[in-house]
Amino acid sequence: MTVNSLIPVLMCGGAGTRLWPVSRESMPKQFAPLIGERSTFQQTLARIADPVLFARPIVITNADFRFIVAEQLREIDVEADIRTRRRGRGRARGAARSESGGAGARGGSCGAQAG
């Protein structure tokens with residue numbers, strides 16, 4: 001990691017209702033392998049795995065998904081800091097800013113649009 005490395009912040013949550021039956025409350029779409037063998041969460045992590053460009057990522061998720069996040073990180077041999085938050089809209093963006101040190105934080109949903 002260099003001094004100017006970006007700190008990736010991935011915000012993972014959701015109720016899993018839009019892509020049912022593949023996506024459900026216990027397994028939202030970002031954790032399901034929709035295209036290929038890896039989940040979109042894992043595909044996103046692979047894109048930010050270069051230690052020259054990126055610092056260790058921070059994954060913000062609700063407590064229900066912390067074990068899924070840890071398992072999927074382990075499967076692709078990526079290390080990240082996992083932060084859990086209560087459910088609810090509007091919490092993740094503020095959490096990302098506070099966890100990564102402020103105004104320079106950039107977040108995106110796991111495998112979805114940037115926030």
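The values are calculated or read from the model by the stated rules, or taken from the named source; none is laboratory data. Nothing here was measured: the structure is a model prediction, and the numbers come from that model. Neighbour counts run over all protein chains shown; Cβ positions are idealised from the backbone, glycine included.
Numbers below:
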quantity: Set 9, 22: member being out of contact with any Phe, Trp or Tyr (no Cβ under 8 Å at 6 or more places or on another chain) and either buried (at least 17 other Cβ atoms within 10 Å of the Cβ) or modelled with pLDDT of 85 or more (or both); calculated: 9
quantity: Every residue from segment 40-76 that is surrounded by fewer than 17 Cβ atoms within 10 Å (Cβ to Cβ) and in a helix (DSSP H, G or I); calculated: 46, 47, 63, 64, 66, 67, 70, 71, 74, 75
